[in-house]
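Reviewing the structure listed below.
Values in this text are rule-based calculations from the coordinates and carry no lab data. Values in this document were obtained by computation on a predicted structure and should not be read as measured data. For neighbour counting, all protein chains shown are included, and Cβ atoms are generated from backbone atoms with ideal geometry for every residue, glycine included.
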Amino acid sequence: MPDGSLPAHTLRDAAALIAAGLAAPQDRALLDQVGERYAVAIPPALAALITHPGDPIARQFVPHPDELATAPHERADPIGDDALSPVPGIVHRYADRALLKPLLICPVYCRFCFRREHVGPDGGLLTDAQLATALDWLRTHEAITEVILTGGDPLLLSPRRLAAILDALGAIPHIQTLRIHSRVPVADPARMRAIAPVLETEKPLWLVVHANHATEFTPDARAALREVNRLGVPLLGQSVLLRGVNDTPDALEALFRAMLATRIKPYYLHQLDPAPGTARFHVPIAEGRAILASLRGRVTGLAWPTYVLDIPGGHGKVPIGPDYLDADTVRDPAGRSHALAAPTVTG
Ligand SMILES: *Cc1c(COP(=O)(O)O)cnc(C)c1O
Ligand code: SF4
């Protein structure tokens with residue numbers, strides 16, 4: 001399993017998508033233009049889930065002519081990563097943790113990706129010298145207690161290279177926690193299985209699985225994650241709220257329940273970052289809050305992620321609700337207000 005290899009029969013361009021019946025022949029010229037600008041790949045595990053054009057899986061991964069139009073509010077670097085990179089491969093925004101991006105290749109290219117201007121099949125594998133510099137940066141910054149491997153997708157590294165990186169991080173005394181964000185469990189379960197043994201590290205390692213629709217948790221993906229979990233790796237879920245994919249209470253409930261059934265604790269539900277050509281996925285925050293509020297009380301608290309906005313411009317992630325407190329009343333899950341009893345101050 002070399003660095004960045006995708007499974008055989010991954011669909012990588014308009015011609016392959018049209019041949020597979022996933023795109024209309026008359027869109028060929030426009031989709032070729034999209035493909036020149038943004039990477040395209042749909043691996044067999046995800047292509048097999050598409051039942052009709054525009055369904056929640058197709059919407060996430062099949063390129064669309066609308067990607068050629070950038071809306072006025074959209075930005076190439078929506079969350080300001082570029083300005084926060086002290087050395088190649090590192091992004092440092094918070095005192096106690098940093099991102100390490102060892103490569104920018106993904107097993108599937110999400111059409112709503114916030115790093116779409118950077119990710120791609122020929123991109124970003126750090127050279128040995130760059131990796132050494134990034135590791136040195138982490139070694140000399142003792143306030144960093146957690147390293148988050150992201151990209152691109154760190155599980156597309158060869159097992160040998162990923163093991164070397166995890167070993168190097170594990171040997172840095174001030175680093176207590178390792179975290180990997182990945183699409184591989186749902187995009188390529190066979191690769192997940194093959195690389196799983198590498199994730200059995202001495203220091204706690206958390207795997208955060210990116211998935212946006214319940215059907216991504218196929219029996220194969222679930223079995224692969226079961227193997228990972230057996231190695232003592234806790235599983236978290238992260239999702240993006242997306243128009244036409246999971247923008248209903250039923251779709252979100254099914255997604256979070258599918259995660260729980262896979263031993264994944266839903267961690268974050270992201271508000272869409274305004275990357276270029278992604279406007280068709282936008283769900284207003286007020287609507288997102290209303291959808292989540294309708295799940296409160298109906299769905300187990302274990303299923304509840306934090307709904308977060310990465311403030312455009314690099315200002316950080318913050319929870320955006322819903323919330324239940326007014327000045328001196330609190331609303332219950334059914335929307336009824338109740339007085340907050342103030343304690344009587346004595347003595
Ligand atoms: C999202 C992000 C993190 C991780 O944030 P958590 O809230 O700990 O999940 C860390 N660094 C950067 C630059 C980020 O964008
Ligand atoms: S897997 Fe992540 S980084 Fe890769 S295209 Fe999807 S959202 Fe972007």
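The table for this structure:
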item: Rg ratio (alpha-carbon, reference 2.2 N^0.38 Å) - the stretch 1-41; result: 1.27
item: Length gained when the stretch residue 85-residue 117 is fully extended (0.36 nm per residue, less Cα-Cα span); result: 9.9 nm
item: Interchain or long-range residues, amide H under 5 Å from residue 206's placed H; result: 178, 179, 180
item: Max mean-square fluctuation residue, GNM over the chain, Cα-Cα springs under 10 Å, options 321, 297, 124; result: 297
item: Quarter of the Cα convex hull surface for the stretch 90-132, i.e. its orientation-mean projected area (nm²); result: 4.0
item: Sparsely packed trypsin sites (Lys or Arg not before Pro) within the stretch 255-347, loop by DSSP, other Cβ within 10 Å at most 12; result: 298, 336
item: Per-residue [θ]222 nm for the chain (sum of -39500 (n - 2.57) over DSSP H runs n ≥ 4, rounded to 500); result: -8000 deg cm²/dmol
item: Label-reachable residues, the stretch 320-334, where backbone N falls under 18 Å from a point 7 Å from residue 341's Cα toward its Cβ; result: 328-332
item: Distance between the stretch 88-149 and the stretch 306-327 - C-alpha centres, whole angstrom; result: 24
item: ³J(HN,Hα) computed for each position of the stretch 144-152 - Karplus, 6.51 cos²θ - 1.76 cosθ + 1.60, integer Hz, glycine/proline x; result: 6, 10, 9, 10, 10, 7, 9, x, x
item: 22 Å Cα-Cα reach of residue 265 towards lysines, excluding residues that sit fewer than 8 places from it in its own chain; result: 203, 317
item: Beta bridges by DSSP in the chain, antiparallel share as percent, to the nearest 5; result: 30
item: Alpha-carbon radius of gyration plus Dmax, which is the widest Cα pair, for the stretch 14-68 in Å; result: 10.3, 27
item: Percent RCO, i.e. relative contact order, over the chain, from Cα pairs under 8 Å lying at least 6 residues apart; result: 16
item: Sites residue 129 and residue 200, calculated FRET efficiency, Cβ-Cβ separation with R0 30 Å, nearest 0.05; result: 0.55
item: Under 5 Å, built H, 5+ apart or other chain: amide partners of residue 237; result: 209, 265, 267, 268
item: Cα radius of gyration and Dmax for the stretch 28-118 (Å); result: 15.6, 47
item: Contour minus Cα-Cα distance for residue 37 and residue 167 (0.36 nm per residue); result: 43.2 nm
item: Where N is the number of residues in the chain, Cα Rg divided by 2.2 N^0.38 Å; result: 1.03
item: Gained length - residue 300 relative to residue 317, 0.36 nm times residue gap less alpha-carbon distance; result: 3.7 nm
